[in-house]
Amino acid sequence: MKKVLLAVMLLSLLVAPVFAAGQSEGTAAPKQVVLRLADNQPLGYPTVLGDEAFARLVGEYSNGRIKVEVYPQAQLADEKSAIEQVQFGGIDFTRVSISPLASFQPLLNALQMPYLYRDADHMWKVLNGEIGQYFLDSMSDKGFVGLVYYDSGARSFYNTKKPIYTVADLKGMKIRVQESALMMGLVQALGAVPTPMSYGDVYSALQTGVIDGAENNWPSYDSSSHYEVAKFYSIDQHTRVPEMIIASKISMDKLSADDQALIKKAAKESQAVEVAAWAEYEKKSEAKVRAAGCQINTINDQAEFAAAMAPLYQSQLNADQQAWVAKIKAVK
Ligand code: GTR
């Protein structure tokens, strides 16, 4: 018994300094936990507003005991390395596009196939229903905890050269894609040349002609200032790629079950803030780039684009993912 007591005392001496931060000596004040969240979008961007709502709610539900610090604008890391660091517990949370996340959990590709959703309502029914929850839960096999989906609208092509009306117009164009095999395949299927590149490098690559174009939603086209150097935006809305906040499983496992639950609840509740901000920002961004003189055209024959990309449903997906796609399409 004495030995056990001694061991416990020794252990507490060793461990005490680690947990001492934020706890004044002699009081029973609970120790403060500080967790970091990385986002590659700037302050004021809808996802960052969502992150901040999440942080606020975590603070509220834990009576200030858990503090989530939001680091926007890729201050902590670019998107891919933020995911890697979350996997290793170096960063506690990150808000990312599920495109690069699918390199870590390929199942996610089933959620972001070209022209998969009939419209935004269909996507939200899927994401906020049982299917979406299954995919969030699937992240735990890979060292993550999937917390919530955020809106990211629909992505379209833009470039420095000319308006795109048909698939043939894209032929041979060098198009930057996210670091994702599916996105590479998508651009290849249209006869263009995919160039995977981190988001932060795209502006100068467009400016110097290393690439001819890229693809993204209105808010990113605006906030990245890509519209300044790539003036032709052609609305084909080839894909809706949701975004997700993931937590590090290593960080979450250090917390009590109650704390994990309050974090999950706060993340889910922050979705409403992001989605509302998204709707507003999308309109503002479109108006801003139009006013800045960008040449914007709508691609009338989206079916031509969809047909060119249809083989990806076979070539990029295994049987399991294909079965999920069928379930997603069946959601009414
Ligand atoms: C944006 C997304 C970013 C990043 C970027 C990209 O829509 O919010 O996280 O994935 O696209 O194209 O790299």
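The distance linking the range 284-301 with the range 175-193 is 23 Å (Cα centroid to Cα centroid, whole angstrom). Dividing the C-alpha radius of gyration of the chain by 2.2 N^0.38 Å, with N its residue count, gives 1.11. Only alpha carbons enter this Debye calculation for the range 125-196, each as an equal point scatterer, and the log10 of I(q)/I(0) it gives at q = 0.13, 0.17, 0.28 Å⁻¹ is -0.57, -0.79, -1.23. Neighbours of GLN32, meaning other residues whose beta-carbon lies under 11 angstrom from its beta-carbon, give a summed charge of +3 when Lys and Arg score +1 and Asp and Glu score -1. When you count the other C-beta atoms within 10 angstrom of each residue and take the mean per peptide, 61-73, 110-122 line up highest first as 110-122, 61-73.
Plainly put, the range 208-263 has a radius of gyration that is 1.26 times its Kirkwood radius, both from alpha-carbon atoms, as the Rg/Rh ratio. The Cβ shell under 13 Å around ARG155 holds other residues with a net charge of -3, Lys and Arg each +1, Asp and Glu each -1. Within the assembled protein chains, the solvent-accessible surface assigned to SER248 is about 0 Å², based on a 1.4 Å probe. Here the range 184-332 is treated as a Stokes sphere of Kirkwood radius computed over C-alpha pairs; at 20 °C and 1.002 mPa s its diffusion coefficient rounds to 114 µm²/s. For the range 298-315, 3J(HN,Hα) computed residue by residue from phi via the Karplus equation (6.51, -1.76, 1.60; θ = phi - 60°) reads 9, 7, 6, 9, 5, 4, 5, 5, 4, 5, 5, 8, 4, x, 4, 5, 8, 6 Hz, glycine and proline entered as x. Quick one: angle between helix 79-88 and the longest Cα principal axis of the chain, in degrees between 0 and 90, rounded to 10, please. Relative to the chain, helix 79-88 is tipped by roughly 30 degrees. Scaled against 2.2 N^0.38 Å for its residue count N, the alpha carbon radius of gyration of the range 116-272 is 1.21. Taking 0.36 nm per residue of separation and subtracting the Cα-Cα distance, full extension of the segment from ARG65 to VAL193 would add 41.1 nm. The H on the amide N of GLU69, modeled in the peptide plane, is under 5 Å from the matching H of LEU35, ARG36, LEU37, each at least 5 residues off or on a different chain.
Looking at the chain, the DSSP beta bridges with both ends there are about 50 percent antiparallel.
To one decimal place, what orientation-averaged projected area in nm² is obtained for the convex hull of the Cα set of the range 57-156? Result: a mean projected hull area of 7.5 nm².
Across the accessible surface of the chain, with the other protein chains kept in place and a 1.4 Å probe, carbon and sulfur atoms take up 56 percent.
What are the lysines whose alpha-carbon lies under 29 Å from the alpha-carbon of LYS142, with same-chain residues fewer than 8 places away excluded? Filter leaves LYS67, LYS80, LYS125, LYS249, LYS254, LYS264, LYS265, LYS268, LYS327, LYS329. For the chain, the longest principal axis of the C-alpha atoms and the axis of helix 2-19 are separated by about 40°.
The Cβ shell under 11 Å around GLN260 holds other residues with a net charge of +1, Lys and Arg each +1, Asp and Glu each -1.
The values are calculated or read from the model by the stated rules, or taken from the named source; none is laboratory data. Every value quoted in this text rests on a predicted model; they were computed, and no experiment measured them. When we count neighbours, we look across all protein chains shown, and the Cβ atoms used for this are built from the backbone with ideal geometry, even at glycine. SASA here: full protein model, heavy atoms, side chains in, ligands and nucleic acids out. Shrake-Rupley method; radii C 1.70, N 1.55, O 1.52, S 1.80 Å.
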